[in-house]
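What follows is a short report on a single structure.
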Amino acid sequence: MTRQDFLSTLGLGAVFVLTTNCLSSCTKDNSTSAAVDFTLDLSDPANAALATKGNYVVRNGAVVARTTNGDYVAATVTCSHQGQPQVTYDKSANAYYCTAHGARFSLQGSGLNANGSGGLTIYKTTLTGTILRVYA
């Protein structure tokens, strides 16, 4: 019996059920639904990179950067292209960059190339004294 004969004996309903599970397990999960709300003490040596424009840290599933202009920005560390947690800040381009497959994103989260076309989740930042709050 050929595969086509076998599938035709099962009927379309069974084929749909069998292929739905297979196809859904092969999709990527781009969700970044976890609530983001944390603070960074900029006087803490662990966050010293943020004292210099163009540097970044990765904390709590977010890449937090100090832009070349001195602003603080944050985005999910998980790339929308294939769900890799490899998003960084590229100071030469003043943009986000995924080291896994080269996806690029603006600071507003818009994709800047084909791999970045899915966009990037951006978080808000608020600085009070030496405490930087990152939140959704």
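What follows is calculated from the coordinates using simple rules that are stated; it is not laboratory data. Worth saying up front: this structure is predicted, and the values here are computed from it rather than measured. So basically every Cβ, Gly included, is an ideal-geometry build from the backbone, and we count neighbours across all protein chains shown.
A compact table of results
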{"read-out": "52, 39, 128 arranged by Cβ crowding within 10 Å, fewest neighbours leading", "value": "128, 52, 39"}
{"read-out": "Within segment 103-136, backbone nitrogen closer than 20 Å to the virtual label 7 Å beyond the Cα of residue 48 toward Cβ", "value": "130-132"}
{"read-out": "Long-range amide H partners of residue 59 with built H, under 5 Å", "value": "64"}
{"read-out": "Gained length - residue 127 relative to residue 35, 0.36 nm times residue gap less alpha-carbon distance", "value": "31.2 nm"}
